[in-house]
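Read through the structure below, which is laid out as structure tokens, and then see the notes.
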Amino acid sequence: MRLWGIAKRNLGRNRRRTVVTVVALAFGMSLCIATFGLTDGLSAQMIHSLTRLDLGHVQVHSKEFVEDRELSAKISRPSEIVDEARRLPHVIGASSRIYGFGLLSIRGKSAGVELIGVRPDTEKSVTELSNQLRAGRDLPKAATPWPARRALTAQEQALDQALTERAVRSALDELDELDELDSTPEIALPGADIPPGARAEEEHPAEKEPAGTTETDLNDSRDRSAELSRILSPRPTRPLPVLLGSGLADVLDAGVGSKLFVSAPTPDGFTETAFAKVVGVFHTGTLALDRHRVYFHITDLAHLLHSEGQAHEIALLVDASENAPGVAAVLASQLSADLIVRPWDEIRPEIGKMIELNDVSTTIMVFVIFFVASLGVVNTMLMAVFERTREIGVLRAIGMSRGRIVGMILAESALMVALATGLGVAGGLGLDYLMVTRGVDLTSFTGGLSLGGVGIRPVIYGAITPKGVLIPVVVLATICFLASLYPAVRAARLEPAIGMRET
Amino acid sequence: MLALRIGWRSFVRHRRRSAITLSAIALGLAMMLFFVGMGTDSHAKMADMGIRLGSGHVLVEAKDYPSEQSPEASFTRYEEVVRRAESLEEARVAAPRLSASGLVTAGAKSTSVFVVGVDPTREPRASSIAAPEARVAGSFLTPSANRRFENAPGDAYLGNSLATHLGVEVGDRIVITVSPVDADNPKSAAFQVVGLFETGIEDLDRSQVQIDLTDAQKLLNVEGSVTQVAVLLGDLDATDGVTAALARELVSRNELVVLPWPAVLKELHDAIVLDDVGMYLMMAIIFVIVALGIFNTVLMSVTERTREIGVMMAIGTSRWRVFSSVLAESAVLAIASTIVGLALGLAGHLAMAHYGIDVTSFTGGQDYEISGVVLRGRIYSRLSFDVVAEWTLVVIGLVIASAIYPAYRAARLEPVEAMRHV
């Protein structure tokens, strides 16, 4: 095509001008591609932190648990659902979890926390928590030995009856006294002042001795109550192994090997207590996990919360985050209707929204940058047209159509843009490559940020996506095409006679 | 003067070309003013929200509280701190607080919470949690001194999501369990829900319970102590001044530290700085592209006038004069374009300062959490004279700097060769 040949020659005619214009466009292109690389990297990191450290890609819950986080709303037969989920295509792993709340204390320091019980062997196939350990090691695969409960014998039941009656009596006496005083007593939580390890009064909240009983009598009935309650709810043989978040470890001033006292209300209305031993400390960068969570073996926590064999949540990992909605839909169709199956972006819609918003603002930035850059293209092309007024006049005089003149000018700008795109994409991918391999280190700026409650590491790694390259390329081509229309039309409008007269 | 006249003449010689270059520069300046104006307000709003959600502008804490974060690290004689802080001219209110984490139970439901003991008379002026705007039901705490019975349950003010989660409403009872200082066993007490708040920050709405300071002190066994005194100021910019002044006043109490909000809300401060860095980076990209455009235009204009410059030099114009006449051309361009840019930018600023932009329109009504705060409502442009002057000078400098190389090339021309140029 002769047009391209002419265009090429014309560009070469004023090499410095062409080079400067191309450099400006290529510079803009490289940085736009790099910005996309960084934004996409940030989005990928957010999705990764969210799905691989906490949620998984798809979760199954009972309806009541989703609606008001009702801890008694458990999934029955979770292991069957886990097996079923594992058989689905795209699913890499599935693991069940159980939740609770509790108060941790150690040497006078305490913290209210979320307790989560996981199966260490299958949890590994869903989340990477075991890779985030800062100290210590993962939870042991086996649950802590826990003696089985047994029912009370007739003799023990009679003793229980007697103790309860005495306690009720003394409680009533106490109430009478209070009525005389005309004031309401401070209500004590059942079991709140029980020494650690013992769990006497929980089963029998009223079993407190009145002040009038003698010291030995009181001790005796306390011991007996404790004995009875250990039959009904035995203690584990050793402290329960737990993982703590780094923030929580700092607050409690605890580390690997620390022995914690856990007190947790159970869904059936009691308060359970136990000792726990920290086996590992993890750091994810997400405050909600690092500061407020304690990981148990699922069997240990289920024992503690009187919920053996049950689970609140089943988390699935699929091969790619895009496949999550499909897997969720298939699984939902196989399970009973009172279970809710949701992909990660439905569980945390604000994160998906935020990622979308980041994309939109980067695209706007690309438009703004290229709009400014296109003004340079208009200028260069206009100059090129005016310099050649005479030449264009001659071309028109010897019969070149207006359309071909427009084509010639557009070809010139297209060639320039193509050159800039080539250089810009190469430069942009080079920057992307650096960001993918080395990351952008913001540690001098910040120790970590959070966006939408998801922790962002201070080292951000870029990501190369087709979209991150295509958007800048298409936007630049479109804007520059529109920008060169004006010079092209002006050139085509020249009257041959007037054009030739120009010097 | 001659240089300027020549500069002006070459500027108007190619009206269209000059106009396009001018509009690129003007657009750059106008955008800069727009982004700085909107950024200033959104950052101030973010900081303000963080400050009002807890930290205050300046925080006085026991030296080991920042690392311990527990009521163990509390301090006594806080009334003195409050008095001194409130006597400062810039301070609006100083609110003493005692915080601890704990467990709240209502019926069979319970959850972990952050219990904050506050002064019922001061807190509503110090935090947006306690302010009437955040209240969705009931009332705020009544001071425990006004209670009819000494042993009656204390008032509790909780987040709306927490209440929903526990299934309680105003008037219901809850039990708060904490680990008191210097005690091995948890301690519980009953409270009555008197009011509910909603800040939009799920983390707070779900986990914060405010009770009367005296009740909290009793519950935690630290009578007469607090973990912090938060000082609210009338002006964000007074933070550093007040921090220094308070540190001087409290120098005798070396068990205390005085912290400005950026030290307390580190993540938020980092996010603001990072946002600024991103904006400046984008503007830097734009200005580099603009500078390359100016470079191109001025270089063209010099190349076109090669012959003219040759003649000027042949009749005795010095190289310095040629150099300055090209710079003068760019100076004319710089001044003309900053005038247009300022007009454009300030018009945009005035419009934005008046109407503002609703941030939630970008997020489709969703709240966008950034390091613990949510940007909400309208953002209005805010610019100070200094900022405008600074950026105008930067742009003028940039335009003139882009012309240095073309001017140098013009000045190096050899008259004889230049005159032969077509």
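The values are calculated or read from the model by the stated rules, or taken from the named source; none is laboratory data. Computed from a prediction, not measured in an experiment: that's the story for all the values here. Positions of Cβ are generated from backbone atoms using ideal geometry, with glycine treated the same way; all protein chains shown enter the neighbour counts. Please note that ligands, DNA and RNA were not included when accessible areas were found on the heavy atoms of the full protein model with its side chains. Shrake-Rupley method; radii C 1.70, N 1.55, O 1.52, S 1.80 Å.
Once the 1.4 Å probe is applied to the protein heavy atoms, region B:210-266 comes out at 39 Å² accessible per residue.
Backbone geometry of region B:407-414 corresponds, through the Karplus equation with coefficients 6.51, -1.76 and 1.60 at θ = phi - 60°, to 3J(HN,Hα) couplings of 5, 5, 4, 4, 5, 8, 4, 8 Hz, x marking Gly and Pro. Solvent exposure of region A:312-405 amounts to 40 Å² per residue of accessible area, where only protein heavy atoms count and the probe is 1.4 Å. In a DSSP loop and with at most 15 other Cβ atoms within 10 Å, the trypsin sites (Lys or Arg not before Pro) in region B:58-116 are B:63, B:77. Farthest towards the positive end of the charge dipole of region B:217-354, among the residues B:353, B:326, B:254, is the Cα of B:326, using unit charges on the Cβ of Lys, Arg, Asp and Glu. Cross-link reach is defined here as a Cα-Cα straight distance under 22 Å, omitting same-chain residues fewer than 8 places apart; for residue A:74 the lysines meeting it are A:63, B:109. Could you compute how much accessible area chains B and A hide from each other, both sides summed, with a 1.4 Å probe? Nearest 100 Å² is fine. Accessible area lost upon association: around 6000 Å².
Peptide B:64-77 shows a mean partner chain C-beta count of 2 within 10 Å per residue C-beta. Residues in region A:428-442 carry Karplus couplings, in order, of x, 5, x, 5, 4, 4, 4, 6, 6, 7, 9, x, 9, 8, 9 Hz; the curve used is 6.51 cos²θ - 1.76 cosθ + 1.60 with θ = phi - 60°, and Gly or Pro positions show x. Calculated accessible area for region B:97-186 comes out at 38 Å² per residue, all protein chains present (probe 1.4 Å; ligands, DNA, RNA ignored).
Taking 7 Å steps out from each Cα toward its Cβ at residue B:173 and residue A:481 produces label points 7.5 nm apart.
Counting 0.36 nm for each residue step from residue A:356 to residue A:444 and taking away their Cα separation leaves a gain of 28.9 nm. Taking the charge dipole of chain A about its Cα centre, with +1 at Lys and Arg Cβ atoms and -1 at Asp and Glu Cβ atoms, the residue from A:34, A:7, A:90 reaching farthest to the positive side is A:7.
In chain A, if the dipole is taken from +1 on Lys/Arg beta carbons and -1 on Asp/Glu beta carbons about the Cα centre, which of A:164, A:488, A:469 is farthest to the positive end? Highest projection toward the positive end goes to A:488.
Within 10 Å of the Cβ of each residue in B:173-181, the mean number of Cβ atoms contributed by other protein chains is 5. Around the amide H of residue B:152, modelled in the peptide plane, lie the amide H atoms of A:184, all under 5 Å away and 5 or more residues distant in sequence or on another chain.
Placing +1 on the Cβ of every Lys and Arg and -1 on the Cβ of every Asp and Glu, with no other charges, gives the protein assembly as shown a dipole of roughly 8040 debye about its Cα centre.
For region B:247-297, GluC sites (Glu not before Pro) meeting the loop criterion (DSSP other than H, G, I, E, B) and having at most 13 other Cβ atoms within 10 Å: B:255.
Here chain A carries DSSP beta bridges of which approximately 80% are antiparallel, counting only pairs with both residues inside. Counting only other chain Cβ atoms within 10 Å of each residue's Cβ, the peptide B:204-216 averages 0.
Within a straight-line Cα-Cα reach of under 13 Å, residue A:141 can be paired with the following aspartates and glutamates, leaving aside sequence neighbours fewer than 8 residues apart in one chain: A:121, A:123, A:300.
Annotation: amide H-H contacts under 5 Å for residue A:134 (H modelled 1.01 Å from N, sequence separation of 5 or more, or interchain): A:281, A:282, A:283. Working note: Karplus 6.51/-1.76/1.60 with θ = phi - 60° gives region A:19-30 the couplings 4, 4, 4, 4, 4, 4, 5, 5, 4, x, 4, 4 Hz, where Gly and Pro are set to x.
Surface composition of chain B: carbon and sulfur atoms hold 58% of the protein heavy-atom accessible area at a 1.4 Å probe. For residue B:93, nonlocal amide neighbours, meaning residues 5 or more places apart or on other chains whose placed amide H falls under 5 Å from its own, are B:232. List the pairs from B:63/B:266; A:109/A:277; A:124/A:353 whose alpha-carbon separation is above 19 Å, in the order I gave them. Long pairs (Cα-Cα over 19 Å): A:124/A:353. For region A:237-319, applying the loop criterion from DSSP together with a ceiling of 16 other beta carbons within 10 Å to the GluC sites (Glu not before Pro) yields A:308. In this view, the solvent-accessible surface of residue A:286, computed with a 1.4 Å probe and all protein chains in place, comes to about 10 Å².
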